[in-house]
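Take a look at the structure set out below.
The values are calculated or read from the model by the stated rules, or taken from the named source; none is laboratory data. Every value quoted in this text rests on a predicted model; they were computed, and no experiment measured them. All Cβ positions, glycine included, derive from the backbone under ideal geometry; neighbour counts span all protein chains shown.
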């Protein structure tokens, strides 16, 4: 069905004298991603540095939640043509607004303090977690050079943006945050300390997580799309990304998208 919806959209845009491309490498003024959450994240990553300049219109086209998307394709294929006409109408008549979406950026340091990798970017989350066969990972956490967690062990830590608060972080017990906020969310994953709970930090903070010498191997993963193996003594420095994504949101004539209604409709918040 998603393929049929994409064809209907492409045909309507062509009829309205727009040029259509399916290659991310080509020049574009708008990136429409008709997909599930995972494909949306990978598409944005594949835009590389152009993700800051090209507006993104996420259209939900899978059986997943689609919490990140601005609108959804119709449930019935016979409704695709009229729906596509409405999409073209709000784009061509500029009946939309742009919302800021803040991601995360990280640097990876060797045990001797030298920089190994910089500009590791994620929209949803950066996760430090144990490997499939390893025992608990041991780590420490600093915020702006001040010790937050001197030493702990467990399955890992999730550092998420507000956008990613409804993903892995929520499943691990973290709070749901309005996706328009710019903040850092630290969510422990099965840590062996009762006193370490999820923590929301101001976006200006810098978090440094060190893999302790006695730890087993673990991994840093970015939106579940890219991974780096971490060794004892290495550290990861994380902060809010300096640039925003431009999220295209149709006006209310196209879709009524209320954050609190989404919580109930998509996530079942409130027991509905």
If the Cβ limit is 8 Å and pairs must be 6+ apart or interchain, which residue in region 157-181 that is surrounded by fewer than 16 Cβ atoms within 10 Å (Cβ to Cβ) pairs with which residue that is in a strand (DSSP E or B)?
173/187; 175/185; 175/200; 180/99; 180/100; 180/101; 181/102
Among the listed residues 88, 141, 137, 127, which satisfies the condition of being more than 21 Å from residue 232 (Cα to Cα), surrounded by 15 or more Cβ atoms within 10 Å (Cβ to Cβ) and in contact (Cβ under 8 Å) with a residue 24 or more places away in the chain?
88
Could you please find all residues in region 188-208 being under 14 Å from residue 151 (Cα atoms) and part of a loop (DSSP other than H, G, I, E, B)?
191, 192, 193, 194, 195, 196
Condition test on residue 104, is it at pLDDT 95 or above and under 18 Å from residue 160 (Cβ atoms)?
yes
So residue 119 clears everything in (1) at negative phi; (2) exposed (fewer than 14 other Cβ atoms within 10 Å of the Cβ); (3) in a strand (DSSP E or B) except one condition, right? Which one?
(1)
Kindly evaluate residue 229 against the criterion of being more than 18 Å from the chain's Cα centre (by Cα), over 28 Å from residue 70 (Cα atoms) and loosely packed, with under 15 Cβ neighbours inside 10 Å.
yes
Among the listed residues 2, 75, 6, 110, identify the single one that is touching a strand residue (DSSP E or B) at 6+ places or on another chain (Cβ under 6 Å), under 27 Å from residue 267 (Cβ atoms) and surrounded by fewer than 17 Cβ atoms within 10 Å (Cβ to Cβ).
2
Checking the conditions here, which among 80, 67 is more than 19 Å from residue 220 (Cβ to Cβ), touching a residue at least 12 places away in the same chain (Cβ under 8 Å) and not in a loop (DSSP other than H, G, I, E, B)?
80
Which residues, counting only those in region 41-52, are free of Cβ contacts under 8 Å to residues at least 24 places away in the same chain and either part of a loop (DSSP other than H, G, I, E, B) or surrounded by fewer than 16 Cβ atoms within 10 Å (Cβ to Cβ) (or both)?
46, 47, 48, 49, 50
Being at pLDDT 90 or above, assigned to a strand (DSSP E or B) and exposed (fewer than 13 other Cβ atoms within 10 Å of the Cβ) narrows 97, 14 down to just 97
Going by the structure shown, is residue 220 assigned to a strand (DSSP E or B), buried (at least 16 other Cβ atoms within 10 Å of the Cβ) and touching a helix residue (DSSP H, G or I) at 6+ places or on another chain (Cβ under 7 Å)?
no
